[in-house]
Every structure is written in C-alpha cells, then in structure tokens.
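See below for the structure under consideration.
Read-outs throughout are calculated quantities, based only on the coordinates presented, and are distinct from any laboratory measurement. Note that the structure is a prediction, hence the values are computed from the model and not measured. Counting neighbours? That spans all protein chains shown, and the Cβs are built from the backbone with ideal geometry, glycine included.
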C-alpha cells in the first residue's frame, strides 16, 4: 500500500528496474498505464492498494511495453 500515486509509480519503476535488464523503465514501458491498472485508491485504507498479484503485475508490465523501446 502506498500513500500517494507517486509512491506507487516510483515503486513500479523500482520493481521493473530491479532485475538489471532495464535501466529506464519509463523509456521502455508505459508506467502510468501500469500504475492505473495495478493500483486503486482506497479511502478506507487511506492509500493506493495493489489490485494484482505478482504474476498479474508482470503481465501488466508486458502488456504496456512500448513498441519502439
């Protein structure tokens, strides 16, 4: 859970770049689209909760790969 969308965005970038194969996630992936689909704001929880499991996250990453990257 992240307090802000920006925190979820930064965590998404860190996760994509953590494997070492990607140096600039925002160049190779539509990170905003990934965050839009992977997280949702919950007023009850007071932050952005992840909607997908690990496999679902990586499916979204693959789905939002930029064609020209």
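Per-structure values
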{"read-out": "Selection from the stretch 25-62 of residues that are more than 16 Å from residue 8 (Cα to Cα) and either buried (at least 16 other Cβ atoms within 10 Å of the Cβ) or touching a helix residue (DSSP H, G or I) at 6+ places or on another chain (Cβ under 8 Å) (or both)", "value": "28"}
{"read-out": "Subset tally (residues that are over 14 Å from residue 54 (Cα atoms) and in contact with a strand residue (DSSP E or B) (Cβ under 7 Å, 6 or more places away or on another chain)) for the stretch 8-21", "value": "1"}
{"read-out": "Residues of the stretch 13-24 satisfying the condition of being in contact with a helix residue (DSSP H, G or I) (Cβ under 9 Å, 6 or more places away or on another chain) and closer than 19 Å to residue 67 by Cα", "value": "13, 16, 17, 22, 23, 24"}
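The rows are residues; the columns are (1) in contact (Cβ under 8 Å) with a residue 12 or more places away in the chain; (2) within 14 Å of the chain's Cα centre (by Cα).
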site: 16; (1), (2): yes, yes
site: 28; (1), (2): yes, yes
site: 33; (1), (2): yes, yes
site: 40; (1), (2): no, yes
site: 44; (1), (2): no, no
site: 50; (1), (2): yes, yes
site: 53; (1), (2): no, yes
site: 58; (1), (2): no, yes
site: 65; (1), (2): yes, yes
